[in-house]
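First up is the structure itself, then whatever we jot down about it.
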Amino acid sequence: MESYRKIIENINLYYPKNCSYEDKVYKNTEEYKKYKTVMKDVKLRDKVNKKVYEIMQYVFPDNYIKEWRNTDYPSVHFSVLLHKNQPILDDDQELLAALNGRRLDLEVYISLLDNCYYIYVIETLKQSDSNKWDFHCYDAEEFVNENEMKILTNKLSLEGLLKIDRSIAHKIVPDIETELHYEGEVKVFHCLFSDIEKMF
């Protein structure tokens with residue numbers, strides 16, 4: 001596990017301090033230029049995607065794995081449907097019905113800015129008597145088989161990746177802004193993985 005201090009030091013290499021994202025100065029800083037270089041590095045993204053996808057397939061051979069290809073954030077992202085031998089259906093409502101109204105997905109983010117990853121489980125619930133959907137986030141260990149969890153963390157560790165705990169992912173990063181978050185709102189997760197994602 002990486003320390004908060006070390007993570008902040010690394011984040012500060014890619015995000016200018018005390019500078020509004022809307023200010024043209026922001027785009028001309030060395031930090032932002034370095035950030036954009038990583039974001040544009042297609043070979044790096046593809047290499048990490050390929051390696052992590054192989055790990056996901058090895059650990060979860062009986063689960064549907066979704067490989068997200070959004071290049072708007074500085075990470076690669078996979079979702080693992082934690083219902084074994086359940087094919088993904090065309091419609092989310094059909095899938096939830098097949099799962100008796102409760103879906104569990106393991107979300108796996110690998111940062112391209114640091115040698116770290118973050119995982120959590122998102123629970124999707126649909127009440128049968130209404131069209132209401134509820135979402136809840138949990139530590140991965142609460143739902144992922146202990147053996148699978150051990151293999152996953154070991155394999156990611158062998159790739160030089162350190163796990164970021166939930167408590168650190170939610171910590172505020174001082175003095176910086178991202179495209180979607182003002183100073184004082186930016187969390188570690190937003191910087192290293194995605195400032196688009198709201199649930200983590």
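The values are calculated or read from the model by the stated rules, or taken from the named source; none is laboratory data. Keep in mind that this is a model prediction, so the values were computed, not measured. Cβ: placed from backbone, ideal geometry, glycine included. Neighbour counts: every protein chain shown. The protein model used for the area step is the full one, side chains on, heavy atoms only, and it has no ligands, DNA or RNA in it. Shrake-Rupley method; radii C 1.70, N 1.55, O 1.52, S 1.80 Å.
In segment 69-104, how many residues are under 17 Å from THR124 (Cα atoms) and not hydrophobic (A, V, I, L, M, F, W, C)? Looking only at that region, the number is 14. Taken over segment 166-200, residues that are assigned to a loop (DSSP other than H, G, I, E, B), open to solvent by 50 Å² or more (accessible area, probe 1.4 Å) and hydroxyl-bearing (Ser, Thr, Tyr) amount to 1. Among the residues of segment 139-165, the ones that are touching a residue at least 12 places away in the same chain (Cβ under 8 Å) and either touching a strand residue (DSSP E or B) at 6+ places or on another chain (Cβ under 7 Å) or part of a strand (DSSP E or B) (or both) come to 10 in all. Of the residues making up segment 35-93, those that are part of a helix (DSSP H, G or I), open to solvent by 60 Å² or more (accessible area, probe 1.4 Å) and not aromatic (Phe, Trp, Tyr) are LYS36, THR37, VAL42, LYS43, ASP46, LYS47, LYS50, LYS51, GLU54, GLN57, ASP92, GLN93. Checking each residue in segment 13-33 for being in a helix (DSSP H, G or I) and either surrounded by fewer than 16 Cβ atoms within 10 Å (Cβ to Cβ) or at pLDDT below 95 (or both) picks out LYS24, VAL25, LYS27, GLU30, LYS33.
None of VAL80, VAL59 is more than 24 Å from ILE196 (Cα to Cα), at pLDDT 95 or above, in contact with a Leu (Cβ under 9 Å, 6 or more places away or on another chain) and not charged (D, E, K, R) except VAL59.
Within segment 114-127, not a single residue is modelled with pLDDT of 95 or more, hydrophobic (A, V, I, L, M, F, W, C), within 22 Å of GLU9 (Cα to Cα) and outside any strand (DSSP E or B).
Of all residue pairs spaced 6 or more apart or on separate chains, none has beta-carbon atoms under 8 Å together with a first member in segment 126-138 that is under 22 Å from VAL108 (Cα atoms) and in contact (Cβ under 8 Å) with a residue 12 or more places away in the chain and a second member that is open to solvent by 100 Å² or more (accessible area, probe 1.4 Å) and not in a strand (DSSP E or B).
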